[in-house]
Amino acid sequence: MSTPVNPRSDAVSAQGRLGVIGGSGLYDLEVLADVQRVAIETPFGDPSDEIVVGRLGTLEVAFLPRHGRGHRILPGELNFRANVHAMKQLGVTTLISVGAVGSLREEIVPGHLVVPDQFIDRTQGRRATFFGEGVVAHVQFGDPVCGRLAAALVESARETGATVHAGGTYVCMEGPQFSTRAESRIYRSFGAAVIGMTNLQEAKLAREAEMCFASLALATDYDCWHESASEVDITAIVAVIQANARRAAETLVAVADRLPPGDCRCRHALESAIITDRAMIPAETRQRLRWIAGRYLE
């Protein structure tokens, strides 16, 4: 059964919710109070799992485990559109994506945190737009991360005692296999900082959904380029993930008090993006996009 936007208080309507998509190792947010699990149906299918709705102090938060509880969904199987759309239905205006990554730089040591400011797409055929089927939109994406939110994340992570790197390029690969050594060296030649399998599609869809977006990347290994690294060892990665997940949760608690106030250009991303003649948009498409772009389709 589809769950409406509620539970959604007047405070949520006024300031919006903080949405968090948790990656490997971050399957729950135990710090939340007044927790409810909400099953959401979207026009783009079902999200990865029920969404946990609760409070961090006075801030309303919606949390989704990206790969589902028990880590059941491959990166290439994720329904990114449903995940982000479900957040939109719950009143999320600020979205933080948390995920494990491999480090492509010597100075980004496993256990460090990174807040990327750029992405390179190396995925294959993933659905990363809400548009199509009769309506065309081209959002600006030169700066794919909300600068104000990223700065708040960096400051919050440092407050927890973590070593955090501000900025850097995230290479989003298809997976589920890790890189070959040749690929890893090529990505280093790009000047990239980290490599992961998920965050780019979330960034694209958050921009179309007019959300402020930033990524908290948790470095777990040196991929396979580093002279001290053999193959990427999933057992070793899991140990680092567990420590990083705790640090990530502490960072999210800290950022709750630092969310940038007021309006942001991220929340007007569609104002000049839709170029289709409104009279020619099919009724079914218009209905499917009502949460994302309804105010622009009149």
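Think of region 12-296 as a dipole: +1 on every Lys or Arg Cβ, -1 on every Asp or Glu Cβ, centred on the Cα centre; then among TRP225, SER215, GLY262, GLY262 lies furthest on the positive end.
Taking the Cα centre of the chain as origin and charging only Cβ (+1 Lys, Arg; -1 Asp, Glu), how large is the dipole, in debye to the nearest 20?
Working: 30 positive and 35 negative charges, 93 e Å.
The dipole of the chain has a size of about 440 debye.
Just checking the listed ones, THR220, THR94, THR163: in the Gaussian network model of the chain with Cα springs under 10 Å, the one fluctuating most is THR163.
Find which of VAL145, LEU113, GLY16 sits farthest along the positive direction of the dipole of the chain, computed with +1 on the beta-carbon of Lys and Arg, -1 on that of Asp and Glu, about the Cα centre. Value computed over the given set: GLY16. In percent, rounded to a whole number, the relative contact order of the chain is 23, using alpha-carbon pairs under 8 Å and six or more apart.
This model, with +1 at the C-beta of Lys and Arg and -1 at the C-beta of Asp and Glu, gives region 92-150 a dipole about its Cα centre of some 160 debye. Ranking of VAL109, VAL31 by neighbouring Cβ atoms within 10 Å, starting from the fewest: VAL109, VAL31.
Normalised by the residues of region 200-298, what does the relative contact order come to in percent, with Cα pairs under 8 Å and at least six apart?
On the way: 49 pairs, mean separation 33.6, N = 99.
RCO, region 200-298: 34 percent.
Across the options HIS67, TYR187, VAL101, the greatest Cα extent toward the positive end of the charge dipole of the chain (unit charges at beta carbon of Lys, Arg, Asp, Glu) belongs to HIS67. Here region 58-114 is treated with +1 on each Lys and Arg Cβ and -1 on each Asp and Glu Cβ, and its dipole about the Cα centre works out to around 260 debye.
No value in this document is a laboratory result; all are computed from the given coordinates. In this text the structure is predicted, and so the values were computed from the model without any measurement. No Cβ is skipped: glycine too gets one built from the backbone with ideal geometry, and neighbour counts run over all protein chains shown.
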